[in-house]
Amino acid sequence: MFITFEGIEGGGKSTQVQKISDALTKAGYNIVQTKEPGGTAIGQELRRMILDPNQRFHSPYTEVMLFFADRLEHVETVIKPALASGKIVLCDRYIDSTIAYQIGGRGMPKPLIETLTQLVDLKPDLTLLFDLSPEEGLQRAKQRAALDRFEQESIDFHSRIRHSYLDQAKKEPDRIKVISASCDIEPLFERLMKDYILPSLS
Ligand code: TYD
């Protein structure tokens, strides 16, 4: 079982991944909790370059290439081996982030991303999309820590990302479940476990 967690900034996604991972581990499941970018040693270095607010890329394609480099290493060395040994993989962001951020947000050509995605050849079984307004999300992100290169982008950029995510969910309703994320941590966690995570494991 390969489950991914998606959404714009500030939706509380990472907190929920941690809680779900803890609960499933406690219930006896074998869990690999991971994230993109940064799920491998190489990925950690790529992540630092990608998120650095002082980073300036001189080609519009550099950023997307770095995300795919991170993903290919991650899929080959972490995700596929974990799935092959029967573990449940929980991944904070994956391919849908690239579609939303690089196509929806940055305006990269869709055929390019589709071609690069063919190199990855692994789709999630279930994707939880944490949806909330960019205004609320960025407000929450600001309270949390210094803003990274993406969080410093405009509300308009994040609105395009949100709409791109919602379009993807409409195209693949069986895989991508839209979760309203503007609520408290505990009730949201209980709803996710009961409505999506536990049914997907049974
Ligand atoms: P991170 O701190 O992991 O984000 P969050 O805590 O919001 O999940 O930073 C990852 C950033 O990289 C986030 O702004 C989304 C962006 N991103 C892309 O633009 N494309 C991608 O393919 C991925 C995986 C992430």
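The values are calculated or read from the model by the stated rules, or taken from the named source; none is laboratory data. Not measured: the values here are computed from a predicted model. Don't worry about glycine lacking a Cβ; one is built from the backbone with ideal geometry, like all the others, and counts go over all protein chains shown. Just so you know, the surface numbers come from the protein's heavy atoms only, side chains and all, with ligands and any DNA or RNA stripped out. Shrake-Rupley method; radii C 1.70, N 1.55, O 1.52, S 1.80 Å.
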*Over all distinct Cα pairs, what is the inverse of the mean 1/r for segment 94-151, reported as the Kirkwood hydrodynamic radius in Å?*
13.5
*Looking only at 53, 111, 37, which one moves most when the chain is put into a Gaussian network model with springs between Cα atoms under 10 Å?*
111
*Contour minus end-to-end for residue 123 and residue 195, with contour as 0.36 nm per residue of separation and end-to-end as the Cα-Cα distance?*
23.8 nm
_I need two numbers for the chain: Rg to one decimal and Dmax as a whole number, Cα atoms only, in Å._
16.2, 48
*Based on DSSP H runs of at least 4 residues, each adding -39500 (n - 2.57), what is the mean residue ellipticity at 222 nm of the chain after dividing by all its residues, to the nearest 500 deg cm²/dmol?*
-13500 deg cm²/dmol
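Taking the convex hull of the alpha carbon atoms in segment 57-98, what volume per residue do you get, in Å³?
Normalising the Cα hull of segment 57-98 by residue number yields 64 Å³.
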*Which whole-number percentage describes the relative contact order of segment 47-161, with Cα contacts under 8 Å and a sequence gap of 6 or more?*
38
*Could you tell me whether segment 55-126 comes out rounded, prolate or oblate from its Cα gyration tensor? Rule is a ≥ b ≥ c as square roots of the eigenvalues, rounded for a/c under 1.5, then prolate if a/b exceeds b/c, otherwise oblate.*
prolate
*Of all accessible surface on segment 50-124 at a 1.4 Å probe, what whole percent is carbon and sulfur?*
59
*asked:* Please check: in the Gaussian network model of the chain (C-alpha springs, under 10 Å), which one of 23, 181, 84 has the largest mean-square fluctuation.
replied: 84
*Output the pairs from 35/87; 142/177; 123/171 with a Cα-Cα distance over 24 Å in this structure; if there are none, say none.*
142/177
*Using label points projected 7 Å from each Cα along Cα→Cβ, tell me how many nm separate residue 30 and residue 62, to one decimal.*
4.1
*Per residue and in cubic angstrom, what volume does the convex hull of the Cα atoms of segment 25-99 have?*
97
*Using a 1.4 angstrom probe, figure out how much accessible area the chain has per residue, in square angstrom, rounded to the nearest whole.*
49
*Two-decimal log10 I(q)/I(0) for segment 1-57, as the Debye equation yields it once each C-alpha is a single scatterer, q = 0.27 Å⁻¹*: -1.14
*For segment 108-202, rounded, prolate or oblate, judged on the Cα gyration tensor with a ≥ b ≥ c (square roots of eigenvalues), a/c < 1.5 rounded, else prolate if a/b > b/c?*
oblate
*In a GNM of the chain with a 10 Å cut-off on Cα contacts, which of 152, 18, 143 has the highest mean-square fluctuation?*
143
_Rounded to the nearest 20 debye, dipole of the chain from Cβ charges on Lys, Arg, Asp, Glu_ = 140
*Local electrostatic count at residue 1 - Lys and Arg +1, Asp and Glu -1, tallied over other residues with Cβ under 10 Å*: 0
*From phi via Karplus (6.51, -1.76, 1.60), per-residue ³J(HN,Hα) for segment 10-15 in Hz, x at Gly/Pro*: x, x, x, 4, 5, 4
*Whole-angstrom gap from segment 91-124 to segment 147-196, using each part's C-alpha centre*: 16
